[in-house]
Each structure stands twice: as C-alpha cells, then as structure tokens.
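Here's the structure we're looking at; comments come further down.
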Amino acid sequence: MTSWLPSAAGSGFDVDHLPYGVFVTGDAAPRVGVRIGDQVLDVAGIARAEKQQWTSIVDAGSLNPLLAAGPAIWSAVRGFLTVALADVSWQGRVSPYLHGLSDVRLRLPFQVADYVDFYASEHHAIALGRLFRPGSEPLPPNWKHLPVGYHGRAGTIVPSGTPIVRPCGQHKEATEQGPVFGPSRRLDVEAEIGFVVGGGSQPAQRLSVNDFADHVFGVCLVNDWSARDIQSWEYVPLGPFLGKSFATSISHWITPLTALESARVPPPARSVPLLPYLADDPSEPWGLDLSLTIEWNGTVVSHPPFASTYYTGAQMLAHLTANGASVRTGDLYPSGTVSGPGDRQAGSFVELSDAGRLPIVLEDGAVRSFLEDGDTVTIRASAPGGGGGRLELGEVTGTVVPATEPATESAIEPTTEPAAGSARRHQTR
C-alpha cells in the first residue's frame, strides 16, 4: 500500500511507516504530526475536521497523551491515518493539513519520564570489557543471565540537532600522577535503539515479555554521547555517572511498534539458558532487524546490525519491572550501544579506533580517534517494511561545540608525594 502523496513512494516514510513527532509552524503552538514522504500531517487538524472521537488526545504539544491512551487508541489513530493517506479520494480533505518538512520546526517528541540505559549487545560488552578491564574476563558473570542497565538522567535528553557541549569532569591518564579536571579528551558516541513506553504499570506489577506490545508504543534512534575518560575513572564501583549524564540525543520521529512487524526476527542463539521470566517466546519473537549507519563528518564509518543484540526490548522491559518497579508513560529505555561481530560494525568510536590506537581516516583526510570540536555525527537506520520496501527511522544528529567552563584543565593535588625527580603536572589542552 502506498500513499497518493508523490514524495512518499520509496522514501522510507510511506503509509506502512507513519512515525509520530511534534512540530511548530510560525507562531502556532507545538502539535502532533505524522511524517509522510517529505510532508508532515497535522494530526489534530485533520482529526478535528473529520470529527474523530480521539481528537483531544492528539491535540497536544507532546505525544504523551497519545502514549498513555493505550493500544486500542494507537490502532484507531493509525488506521484512520492510513486510510486518509492511502485512499486518493481523501486527498482534497487531507491536503490543507499537510506542511512541507522544510517549513516546520521539529521539537522533542515526548516528555521523558524516566530513563534507563541497557547494555544489551554482547559484541559491544565484550569489546569494552577488553578495553576497560584488560587481563580480566570481558563479560562479568551476570551478563548472560540478565540485561545489565543503569538509571540515567531524563532531564538531559535532547532532540536531534541540539549542539552537544563538550563535558567537563575528572579524568586520569595512566601516565598522570593524579586526576585532572577539564574538558573530556575522549568524547565518543553510542548508537542505540530506544524503546518508548506508552501505558504505564502499577508498583509491584511485574511485566512479562508478552506484555511488551501493550506497554511499548514505539522506537527511536538514540545517541548516548559518552566521555570515555571521565567514564573510565569514575565508573568503579557504581557504574556510569557524569561520563554519560551530560547529553543523550534522540530522533524527532517515533516509529510505532506496529510498523515494525516485518522487521521481527528471533534473537541470537543463547549459550546460557535464561531464567523463566526472561525466556524467549518462540511464537512472539521480538528481535528486530534494524540496520544502523553512523556518519562522522559525512563519512560512513560503521554499519551496526541491531538483529545481533543479545537481549530484546521485551526482555529489557521484563527485567526492568522484575523487582516490582513500575514504568510510566514517557519512559525511555535504550538498548545500549549496538555493535555487531564484523568489521566496521561497532556502534562506538572507542571500539572502532581500538581506544585510539587505530585512528580512523575520514573522506576529507581528517584523522580521528575521538570527537573533536566541530565534528558532526549522524545515525540513521532502516528496517524491512510492508510489501517488501524499507522504512527509514528518523535520524539523530548532533555537533560537538567547545566546553564552556573551564577553558583550561586544572590538576588535582596528588594524595601522595610524587616520585623523586618527577614534576607535578599542570596540563592545558
């Protein structure tokens, strides 16, 4: 099925997709839109004109009311939009509510409630284990028994296109006597898939893998910017903190879970049996065949495959609530970095450059190990769509800008006297 809108066919944004976002035109208030080809449809506008019962749910400045409405309303809205954009007899009624993508300003699509980031790619976890804990087993003993995750800061999630200020923090090189405070020297990206929670759950209610589609509205692309030097110094014993919490970018468009039916695949084979609450349901596989692409200043440097991710979104949700913790409308839980087993399939630059030992040469001749000020990273993804086509998920992009304070690093006094003959370091970078 294709739309009567000429730009939709082959765009990755045809009627088999219909991702949701929030947009602004002129001085009007932000409102919910659906992308179709190179256009954005004002969902509340057409719903109001056609006297739909759910109009008030989409007549909002964020997707949260729609997320909270649940699967029956999600299905009703999508069904209406599919007919309106596929049946040419609707063209005259729909056209007044279409806006060119280049004529609108896109906003953060939903108000993020809680943010939990997982670590679900085996290939990424092994790579980072070898880099961060050389000489030890790369995977901790628990990793193949549960989806490891941490609770992040929802208030630092920003929409695609927001400039990323280089974070400051403590970091320490092996050659340095003590830690220094200043701008991160090893700023990195993490290409991830984010799951957006619609309907919440009650405290002490444990959701199963089969509850996934009733509680998760859709997915988006995520770039979890990471300061590797800050992270490696601070993460023992409690895990990521300031090296992660300064900014996380998400795409403007949320792809409904129902649009990904053709992308569903079994997860990778398990080498260790999972406990029953995490066990895969063969009749309802929730692995997703999503193909990611990472561009660094316009150069494609990696193609991470999400289908290789060890834990599914359904298993992440089941584990997230296994202790009775509730989820809320607008919760976001990304997968963690998506990396595959092959060459140029890593989802982070620390992996691609082997922690800086194998720099990457970009098409313009620039040599990079980690991000420099002015660098732009764009993450894209596609998936099988209905009828043999492909969907294009909304991209997520960001440009690094210099740290604001302090302009120079200041060394922290070492707690022990320096070795004889050595000088105390005061470094400026």
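If A204 satisfies every condition in (1) out of contact with any helix residue (DSSP H, G or I) (no Cβ under 7 Å at 6 or more places or on another chain); (2) under 29 Å from G340 (Cα atoms); (3) of a type in the set (A, V, I, L, M) but one, which is the exception?
(2)
In the set V22, V40, which member is closer than 30 Å to G149 by Cβ and either in contact with a strand residue (DSSP E or B) (Cβ under 6 Å, 6 or more places away or on another chain) or outside any helix (DSSP H, G or I) (or both)? Show your work before the answer.
Values: V40 fails: closer than 30 Å to G149 by Cβ.
Being closer than 30 Å to G149 by Cβ and either in contact with a strand residue (DSSP E or B) (Cβ under 6 Å, 6 or more places away or on another chain) or outside any helix (DSSP H, G or I) (or both) holds for just one of V22, V40, which is V22.
What's the number of the condition S136 fails, among (1) more than 25 Å from the chain's Cα centre (by Cα); (2) modelled with pLDDT of 95 or more?
Tallying (1) more than 25 Å from the chain's Cα centre (by Cα); (2) modelled with pLDDT of 95 or more, S136 fails exactly one: (2).
Restricting to the range 158-195, count the residues that are under 21 Å from P304 (Cβ atoms) and out of contact with any helix residue (DSSP H, G or I) (no Cβ under 7 Å at 6 or more places or on another chain). Even if it seems obvious, please write down each step before you answer.
Of the residues in the range 158-195, the ones under 21 Å from P304 (Cβ atoms) are 160, 164, 186-195.
Add one more test, that the residue is out of contact with any helix residue (DSSP H, G or I) (no Cβ under 7 Å at 6 or more places or on another chain), and what stays is 160, 164, 187, 190-192, 194.
Total satisfying the criteria: 7.
Among the residues of the range 386-411 satisfying the criterion of being at pLDDT below 95 and within 28 Å of S3 (Cα to Cα), which is surrounded by the most Cβ atoms within 10 Å (Cβ to Cβ)? Before the answer, list the steps.
From the range 386-411, those at pLDDT below 95 are 386-389, 404-411; that's our starting set.
Next cut, within 28 Å of S3 (Cα to Cα) only: 386-389.
Values: G386: 14, G387: 10, G388: 7, G389: 17.
Among them, the one singled out is G389.
Just name the residue that is farthest from W4 (Cα to Cα) out of those in the range 57-72 that are of a type in the set (A, V, I, L, M, F, W, C) and outside any loop (DSSP other than H, G, I, E, B). Show your work before the answer.
The initial filter retains those residues of the range 57-72 that are of a type in the set (A, V, I, L, M, F, W, C), namely 57-58, 60, 63, 66-69, 72.
Filter once more, keeping what is outside any loop (DSSP other than H, G, I, E, B): 57-58, 66-69, 72.
On the way: I57: 26, V58: 23, L66: 26, L67: 28, A68: 31, A69: 29, A72: 26 Å.
For the range 57-72, the residue satisfying everything is A68.
Residue by residue, here is whether (1) among the acidic types (D, E); (2) under 24 Å from G218 (Cα atoms); (3) in the same structural domain as L275 (by TED's automatic domain parsing) holds:
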{"position": "T299", "(1), (2), (3)": "no, no, yes"}
{"position": "R328", "(1), (2), (3)": "no, yes, yes"}
{"position": "R344", "(1), (2), (3)": "no, no, yes"}
{"position": "E351", "(1), (2), (3)": "yes, no, yes"}
{"position": "S369", "(1), (2), (3)": "no, no, yes"}
{"position": "G385", "(1), (2), (3)": "no, yes, yes"}
{"position": "G388", "(1), (2), (3)": "no, yes, yes"}
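Restricting to the range 73-129, what's the tally of residues that are of a type outside the set (G, A, S) and part of a strand (DSSP E or B)?
Here is the first cut: in the range 73-129, the residues of a type outside the set (G, A, S) are 73-74, 77-78, 80-83, 85, 87-88, 90-91, 93-94, 96-99, 101, 103-112, 114-119, 122-124, 126, 128.
Now narrow it down to the ones that are part of a strand (DSSP E or B): 98-99, 105-106, 115-118.
Residues in the range 73-129 being of a type outside the set (G, A, S) and part of a strand (DSSP E or B): 8 in total.
Exactly one of (1) buried (at least 20 other Cβ atoms within 10 Å of the Cβ); (2) modelled with pLDDT under 95; (3) of a type in the set (D, E, K, R) is unmet by K172. Its number?
(1)
What about V338, is it touching a Phe, Trp or Tyr at 6+ places or on another chain (Cβ under 7 Å), of a type in the set (A, V, I, L, M) and crowded, with 20+ Cβ neighbours inside 10 Å?
Values: touching a Phe, Trp or Tyr at 6+ places or on another chain (Cβ under 7 Å): yes; of a type in the set (A, V, I, L, M): yes; crowded, with 20+ Cβ neighbours inside 10 Å: yes.
When the stated conditions are applied, V338 passes them.
Counting only residues that are surrounded by fewer than 17 Cβ atoms within 10 Å (Cβ to Cβ) and among the small types (G, A, S), which one in the range 22-59 is farthest from the chain's Cα centre (by Cα)?
Filtering first and then ranking leaves A49.
Identify, from the list V189, V197, V222, V236, the residue that is surrounded by fewer than 24 Cβ atoms within 10 Å (Cβ to Cβ) and among the β-branched types (V, I, T).
V236
Within the group T293, T255, which residue is in contact with a Leu (Cβ under 6 Å, 6 or more places away or on another chain), part of a strand (DSSP E or B) and at pLDDT 95 or above? Spell out how you get there, then give the answer.
Details: T293 fails: in contact with a Leu (Cβ under 6 Å, 6 or more places away or on another chain).
After applying the criteria, what remains is T255.
Looking for something on the phi > 0 side of the Ramachandran plot and touching a residue at least 12 places away in the same chain (Cβ under 8 Å) - is there at least one such residue anywhere in the range 197-215?
Within the range 197-215, the subset on the phi > 0 side of the Ramachandran plot is 204.
Now drop any that are not touching a residue at least 12 places away in the same chain (Cβ under 8 Å), which leaves 204.
Checked against the condition, which is being on the phi > 0 side of the Ramachandran plot and touching a residue at least 12 places away in the same chain (Cβ under 8 Å), the range 197-215 yields at least one hit.
What are the pairs with Cβ atoms under 9 angstrom where one residue, in the range 88-103, is modelled with pLDDT of 95 or more and surrounded by fewer than 15 Cβ atoms within 10 Å (Cβ to Cβ) and the other, located anywhere, is part of a helix (DSSP H, G or I) and of a type in the set (A, V, I, L, M)? Sequence gap at least six, or different chains.
Going by the 9 Å Cβ cut-off, the qualifying pairs are R93/I46; R93/A49; R93/A84; P96/I46; P96/A49.
Collect the residues in the range 356-383 that are aliphatic (A, V, I, L, M) and surrounded by fewer than 19 Cβ atoms within 10 Å (Cβ to Cβ), keeping them in residue-number order. Spell out how you get there, then give the answer.
Step one: list which residues in the range 356-383 are aliphatic (A, V, I, L, M), which gives 358, 360-362, 366-367, 371, 377, 379, 381, 383.
Within the range 356-383, L358, I360, V361, L362, A366, V367 meet the criteria.
Would you call G182 within 20 Å of P167 (Cα to Cα) and touching a residue at least 24 places away in the same chain (Cβ under 8 Å)?
Values: within 20 Å of P167 (Cα to Cα): yes; touching a residue at least 24 places away in the same chain (Cβ under 8 Å): yes.
Here the answer is yes, as G182 does meet what is asked.
Of the conditions (1) out of contact with any strand residue (DSSP E or B) (no Cβ under 6 Å at 6 or more places or on another chain); (2) of a type in the set (A, V, I, L, M, F, W, C); (3) in the same structural domain as A269 (by TED's automatic domain parsing), V94 clears all except one; give me its number.
Answer for V94: the failing condition is (3).
Give just the number: which of (1) buried (at least 22 other Cβ atoms within 10 Å of the Cβ); (2) touching a Leu at 6+ places or on another chain (Cβ under 7 Å) does R264 not satisfy?
Among (1) buried (at least 22 other Cβ atoms within 10 Å of the Cβ); (2) touching a Leu at 6+ places or on another chain (Cβ under 7 Å), R264 violates only (1).
If I filter the range 205-235 down to residues being assigned to a loop (DSSP other than H, G, I, E, B) and among the aromatic types (F, W, Y), which single residue comes out as nearest to C168 (Cα to Cα)?
Narrowing the range 205-235 to residues assigned to a loop (DSSP other than H, G, I, E, B): 205-208, 224-225, 235.
When the remaining residues are screened for being among the aromatic types (F, W, Y), the result is 225, 235.
Working: W225: 13, Y235: 16 Å.
The residue in question is W225.
The values are calculated or read from the model by the stated rules, or taken from the named source; none is laboratory data. Keep in mind that this is a model prediction, so the values were computed, not measured. FYI the Cβ positions are ideal-geometry reconstructions off the backbone, even for glycines, and counts take in every protein chain you see.
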